[in-house]
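Report on the structure given below.
The values are calculated or read from the model by the stated rules, or taken from the named source; none is laboratory data. Bear in mind the structure is a predicted one, so any value in this text is a computation, not a measurement. Virtual Cβ from ideal backbone geometry, glycine too; neighbours counted across all protein chains shown. For accessibility, only protein heavy atoms count, side chains too; no ligands or nucleic acids. Shrake-Rupley method; radii C 1.70, N 1.55, O 1.52, S 1.80 Å.
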There are 2 protein chains.
Amino acid sequence: MTLEANNPNKKSWLPVSKNSDFPIQNIPFGVFLTKDDIITIGTRIGNYAIDLSALHQLGYFDGISLTDDIFLQDTLNHFISDGRKAWRAVRSRISEVFDAENPNLKNNTSQREVVLFAMEEVEMQLPVLIGDYTDFYSSKEHATNVGTMFRDPENALMPNWLHLPVGYHGRSSTIVPSGTPVRRPMGQTLPKGADKPIFGQSKRVDFELEMAFITTDANVMGEPVSVDEAEEYIFGMVLFNDWSARDIQKWEYVPLGPFLAKSFASSISPWIVTLDALEPFRVESPEQNPQPLPYLQQTGSHSFDINLAVEIAPEDETPTTISKSNFKYMYWTMAQQLAHHTINGCKVNSGDMMGSGTISGPTPDSYGSMLELSWQGTEPIKMGNGTERTFIEDNDTVIMKGYCEKEGFRIGFGEVSSKLLPALKSELT
Amino acid sequence: MTLEANNPNKKSWLPVSKNSDFPIQNIPFGVFLTKDDIITIGTRIGNYAIDLSALHQLGYFDGISLTDDIFLQDTLNHFISDGRKAWRAVRSRISEVFDAENPNLKNNTSQREVVLFAMEEVEMQLPVLIGDYTDFYSSKEHATNVGTMFRDPENALMPNWLHLPVGYHGRSSTIVPSGTPVRRPMGQTLPKGADKPIFGQSKRVDFELEMAFITTDANVMGEPVSVDEAEEYIFGMVLFNDWSARDIQKWEYVPLGPFLAKSFASSISPWIVTLDALEPFRVESPEQNPQPLPYLQQTGSHSFDINLAVEIAPEDETPTTISKSNFKYMYWTMAQQLAHHTINGCKVNSGDMMGSGTISGPTPDSYGSMLELSWQGTEPIKMGNGTERTFIEDNDTVIMKGYCEKEGFRIGFGEVSSKLLPALKSELT
């Protein structure tokens with residue numbers, strides 16, 4: 001399928017630097033707050049945030065079936081509910097309005113003043129009200145590494161892992177946008193060799209390099225979504241840092257899975273890049289052996305070639321890149337995850353978020369967590385300033401970046417960046 | 001603390017039968033749809049649904065700080081956000097308006113016509129928009145039974161169980177009110193002795209007898225709620241049937257916990273009974289040994305004596321009571337659950353729901369699931385019509401009831417009743 005908005009030769013009349021994640025072919029969706037305290041839905045080209053509610057009011061979306069206030073919202077949920085046809089029409093129209101060949105808005109100074117904001121002038125918000133958040137565990141390399149460390153290297157993968165995309169329900173209320181600081185959690189841990197837990201701050205705070213997709217209303221309760229239709233219900237993707245407290249996790253997670261070790265925070269990049277914009281970067285996912293059950297079988301290219309990197313910046317220092325991975329390593333595709341999630345009739349709504357699970361590549365420099373990079377703290381990672389890290393330290397900022405690139409043409413996600421604050425002082429011991 | 005609304009001698013001018021769950025001392029909150037397709041927040045006395053938005057418009061809540069549309073909502077979330085002082089003032093005023101001694105509304109026929117509906121004339125809705133749903137696992141008897149069956153009778157409880165209220169995140173999107181049918185789920189299971197899973201309908205659909213509490217906004221992200229303050233943030237309770245597919249659960253749940261085995265449906269009773277109304281039925285919870293860590297320590301009475309029963313009604317047949325249990329058996333209290341949930345800084349919002357976990361008593365006739373009642377299907381349960389059950393069969397209706405009673409005075413929850421529909425026919429095998 002070819003979308004004119006994806007034409008790599010198209011240029012915008014807005015300036016876009018060579019390595020920008022946001023050329024006119026991207027057109028992501030997000031929510032921002034202006035200096036005048038107005039919240040609006042917007043998109044981004046180069047370093048400009050574009051107010052879509054202003055564009056709509058000026059008539060630039062005439063002819064597309066949209067309610068008057070569809071962009072005057074503090075979340076994208078209603079727009080996402082409008083479905084793929086609407087997303088595509090809006091993205092296509094934005095592409096036309098900002099095309100270098102189109103003089104209409106370009107030459108209208110007063111209109112440009114209400115539509116365009118420098119990125120420095122706006123504050124990005126959480127783009128969706130997340131009804132339910134699910135986290136999968138779909139990187140074979142990550143599951144193998146964790147199984148090797150915590151269980152048995154000879155049987156690192158659990159018996160179910162190759163037959164279904166293992167996942168669990170996560171906490172929606174603590175998903176925050178890039179830039180929101182995260183506090184080191186307190187909790188119970190079991191010291192090595194002890195028979196009773198202690199209370200205190202987590203000493204093993206970790207990131208998890210993930211991506212997440214955001215869905216539209218996909219089904220009615222009781223009816224599954226087929227794997228072939230699943231991509232129709234995926235609006236787009238973001239970078240996702242699934243903050244984890246490994247010591248809390250180890251003590252709490254048997255038998256019902258991770259709980260407080262993950263629910264203190266997850267951070268996302270604020271611009272949702274649509275599946276349409278990622279279309280030119282489709283690749284096949286790894287071969288699946290054994291072949292999955294029919295409801296999970298797919299042919300064709302259902303993964304995406306997205307370069308990922310993780311950096312750590314100690315306070316007031318320049319960041320050090322500590323991992324480079326790629327979304328294409330994922331064993332299970334997003335369509336398989338969504339088909340599996342609904343095979344029991346579970347209802348999926350507009351604004352639901354589904355995380356990939358930690359994305360680890362095949363080599364040690366492509367692992368997606370400190371747990372793996374430092375191999376449970378036994379192999380410290382060197383930082384540019386000469387210090388070492390086994391887990392994340394107070395006031396470190398963790399930055400994740402992601403972009404697709406092909407023949408000099410780049411579509412990116414920007415970044416998700418969040419600082420770890422020291423734990424609250426507490427009287428409780 | 002004594003609340004006048006709880007005075008057991010008070011009578012209403014509305015008729016209330018002797019065994020009603022809804023005397024004037026209850027005053028639960030819910031959302032209902034009238035025959036004229038109007039959705040409103042309401043309460044219930046006897047067999048009357050009472051439209052609180054109509055009462056508010058008529059001035060009956062004058063003097064209480066409430067927005068004009070607080071009851072003209074399709075969920076209770078905003079009212080719950082108003083906090084305990086507002087809930088208490090509204091409940092107290094309703095108690096006055098319907099007091100047998102108060103002639104105002106009683107003698108005003110035209111006002112009564114817009115305020116009162118026979119329960120048969122209204123359709124109860126989901127009372128809250130559930131942001132996040134958490135399920136705990138806080139009955140020692142249940143955890144011991146499950147541990148004995150699935151793991152090791154000598155070490156039935158996991159090492160963490162006595163130190164923290166084990167819990168996990170559940171799926172909000174499929175929580176439905178009493179009366180909504182539930183479809184038998186499809187999914188993957190591993191047949192006994194097989195080395196590969198098969199796809200098909202679950203053959204072990206089960207209920208779980210639980211109660212759930214609904215919270216108000218309790219904290220800001222990063223800050224815990226103390227165990228002593230926790231009850232301030234609990235609005236009230238409902239009956240909760242956590243539908244479960246045991247065969248799907250067994251195959252999928254290691255290592256991240258239950259997922260599709262639980263997310264196809266959970267059913268709740270539609271009236272939220274406030275903690276204030278339950279006040280006269282406070283009891284101490286079971287002694288905790290070992291003593292928990294300080295952030296979980298409590299003194300006083302923090303559980304409630306709530307009689308619970310489960311019935312199964314085969315299609316067109318009368319129900320058979322198959323279990324009688326009590327909320328007071330819970331090892332961990334709601335306040336401990338909420339304190340633990342937020343100890344890592346996890347944010348709790350208005351409308352969040354937290355399930356108790358299956359409530360099993362000490363004797364086999366008080367177990368809270370078919371898994372335990374039929375001991376994994378090995379000891380079938382006799383039904384009144386001569387048939388037997390090991391798990392739930394197609395077109396069975398599962399009914400849960402709950403009430404407190406003391407010196408002839410009763411506060412109840414009504415029921416949660418839901419029919420299991422046959423699985424969808426599927427081409428997928």
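Along the stretch B:378-385 the Karplus relation, 6.51 cos²θ - 1.76 cosθ + 1.60 evaluated at θ = phi - 60°, assigns HN-Hα couplings of 8, 10, x, 9, 7, 9, x, 8 Hz to successive residues, with x for each Gly and Pro.
In a simple Cβ point-charge model (Lys, Arg +1; Asp, Glu -1; nothing else charged), the stretch B:133-421 has a dipole of about 780 debye relative to its Cα centre. Ranking A:Asn77, A:Ala423, B:Phe79 by how far each Cα lies toward the positive end of the dipole of the protein assembly as shown (charges on Cβ) leaves A:Ala423 at the top. In a reduced charge model with +1 at each Lys and Arg Cβ and -1 at each Asp and Glu Cβ, the protein assembly as shown shows a dipole moment near 860 debye about its Cα centre. Chains B and A together bury some 5800 Å² of accessible area, summed over both sides, with a 1.4 Å probe. Take the Cα of B:Thr378, go 7 Å toward its beta carbon, and the backbone nitrogen atoms of the stretch B:127-148 under 14 Å from that spot belong to B:145-148. Simple rule: put +1 on each Lys or Arg Cβ and -1 on each Asp or Glu Cβ in chain A, find the dipole, and look at A:Asn107, A:Met124, A:Ser12; the Cα lying farthest toward the positive end is A:Met124.
Between A:Asn326, A:Asn219, A:Asn108, the GNM of chain A built on Cα springs shorter than 10 angstrom shows A:Asn108 fluctuating the most. Extending 7 Å from Cα along the Cβ direction at B:Leu424 and again at B:Glu223 yields two label points whose distance is 4.6 nm.
Segment B:Glu315..B:Ala89, full-extension length gain: 77.0 nm, with 0.36 nm per residue of separation and the alpha-carbon distance subtracted. In chain B, the convex hull through the Cα atoms has an average projected area of 22.2 nm², a quarter of its surface area. Percent of accessible area on the protein assembly as shown owned by carbon and sulfur, 1.4 Å probe? Carbon with sulfur: 47 percent of the solvent-accessible area. Hydrophobic long helices, here whole DSSP H runs in chain B with Kyte-Doolittle means of at least 1.6 and Cα atoms spread over 30 Å or more along the helix axis, are not found. Taking the average, over residues, of other Cβ atoms within 10 Å as the packing measure, peptides A:160-173, A:48-61 rank A:160-173, A:48-61 from highest down.
Averaging 1/r over each pair of different alpha-carbon atoms in the protein assembly as shown and inverting the result gives 28.4 Å, the Kirkwood hydrodynamic radius. Residue-wise HN-Hα couplings along the stretch B:366-372, as the Karplus relation 6.51 cos²θ - 1.76 cosθ + 1.60 with θ = phi - 60° gives them from phi, are 10, 6, x, 8, 5, 3, 7 Hz; Gly and Pro carry x.
For B:Val114, the point set 7 Å out from Cα toward Cβ sits 4.0 nm from its twins in the other copies, listed from shortest up.
Between the stretch B:84-105 and the stretch B:258-294, what is the separation of their alpha carbon centroids in Å? About 27 Å separates the Cα centre of the stretch B:84-105 from the one of the stretch B:258-294. Cross-linked pairs A:Lys347/B:Lys382; B:Lys85/B:Lys401; A:Lys328/B:Lys196; B:Lys203/B:Lys425; B:Lys140/B:Lys262: Cα-Cα separations exceed 23 Å for A:Lys347/B:Lys382; B:Lys85/B:Lys401; A:Lys328/B:Lys196.
Can you give the relative contact order of chain A as a percent, counting alpha carbon pairs under 8 Å and 6+ residues apart? Computed over chain A, the figure is 20 percent.
Take B:Pro380, push a point 7 Å out from Cα through the beta-carbon direction, and compare it with the same point in every other copy: 6.7 nm, smallest first. For the pair B:Glu96 and B:Ala194, label points projected 7 Å from Cα toward Cβ lie 6.5 nm apart.
Here's the list of aspartates and glutamates a cross-link from A:Lys106 could span, going by alpha-carbon distance under 12 Å and ignoring same-chain residues fewer than 8 apart: A:Glu96. Taking other residues whose beta carbon is less than 12 angstrom from the beta carbon of B:Phe98, and scoring Lys, Arg as +1 and Asp, Glu as -1, yields +4.
Rounded to the nearest 0.05, the FRET efficiency derived from the C-beta distance between A:Gln57 and B:Ile64 at R0 = 30 Å is 0.15. Given R0 = 35 Å, the distance between the Cβ atoms of A:Asn104 and A:Asn385 translates into a calculated FRET efficiency of 0.10.
Average accessible surface for the protein assembly as shown: 38 Å² per residue, computed with a 1.4 Å probe over protein heavy atoms with every protein chain in place.
If you take the square roots of the eigenvalues of the alpha-carbon gyration tensor of the stretch A:4-124 and sort them as a ≥ b ≥ c, do you get rounded (a/c under 1.5), prolate (a/b over b/c) or oblate? Judged from the Cα gyration tensor, the stretch A:4-124 comes out rounded (a/c under 1.5).
Considering the rotation that superimposes chain B on chain A, the residue of B whose beta-carbon lies nearest the axis, and that distance in Å, is B:Gly257, 1. Distances between copies at B:Asn47, taken between label points 7 Å from Cα along the C-beta direction, are 7.3 nm in increasing order.
The stretch B:143-163 and the stretch B:325-372 have their alpha-carbon centroids 17 Å apart.
Taking packing as the residue-averaged number of other Cβ atoms within 10 angstrom, the listed peptides A:222-231, B:132-141, B:112-121 run from highest to lowest as B:132-141, A:222-231, B:112-121.
Across peptide A:161-167, the average count of Cβ atoms from other chains found within 10 Å of a residue's Cβ is 4. Relative contact order for the stretch B:249-406: 23 percent, from Cα pairs under 8 Å spaced at least 6 residues apart, divided by residue count.
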